[in-house]
Amino acid sequence: MAVTKPATTKKTTTVKKLSAKEIAARDARVAQELQAQVEAMAAELAALKLEQAKSLEKAQAVVQEVIESESTRIERPTGSAGDGFSLIREMKLTGQKEVYKRIQRTVRRCVDRAGLDETKGIRRQDTVKLANIFKASRELQPYLRKFVNDWATIEFVKMLLRNRRQHAARRARKSPEVDLTNEDIAELNNF
């Protein structure tokens, strides 16, 4: 059986010559399309410039805020919290107890995550862990940036560690460990 190929037909394309009127109309249409594209790009450029100007204003506002916050930094008072001064008062949060408590909770969470040794005071802690606590606290609570050398955060950490050590000591006094010998156990079993 022979395979037959379909007959191919050649298409001839003819180029129609355009008249001057048709060429002018086509050019006018293309010019309108190009003009519309130029106008759309100009509008997009204007929007981008406006967005850039707004971003610049925001950046300048942030810079100004940093400059102002640097000038309004709060120095460490003499003494320590509870003994020499009231921490909430020195932090300028007297009427804002909820803000103070929120900062306190944040520092506590940072201490817990850092894994400080609660049996030691702040001076015997790992300095890298303390630095991480200070950095994380500042990031989570920007208000803490106002305090020179993180003194407010240090006071929170000192109070937390002191309170946890005191709590552990109270618990140990309430339920002292009893060392029973085998004789004591035998005697109790004979009751």
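Here are a few things to note about the model shown:
- Subset of the stretch 107-141 [buried (at least 19 other Cβ atoms within 10 Å of the Cβ) and outside any helix (DSSP H, G or I)]: 116, 141
- When the criteria are applied in full, residue 46 meets the requirement of being part of a helix (DSSP H, G or I) and at pLDDT 90 or above.
- Against the test of being in the same structural domain as residue 163 (by TED's automatic domain parsing) and either in a loop (DSSP other than H, G, I, E, B) or of a type in the set (S, T, N, Q) (or both), the options 93, 144 yield a single qualifying residue, 93.
- Just one of (1) surrounded by fewer than 15 Cβ atoms within 10 Å (Cβ to Cβ); (2) of a type outside the set (Lys, Arg); (3) more than 20 Å from residue 117 (Cβ to Cβ) fails for residue 147. It is (1).
- Residue check, residue 48 under 25 Å from the mean Cα position of the chain (by Cα) and either surrounded by 10 or more Cβ atoms within 10 Å (Cβ to Cβ) or not basic (Lys, Arg) (or both): no
The values are calculated or read from the model by the stated rules, or taken from the named source; none is laboratory data. Being a predicted model, the structure only gives us computed values, none of them experimental. So basically every Cβ, Gly included, is an ideal-geometry build from the backbone, and we count neighbours across all protein chains shown.
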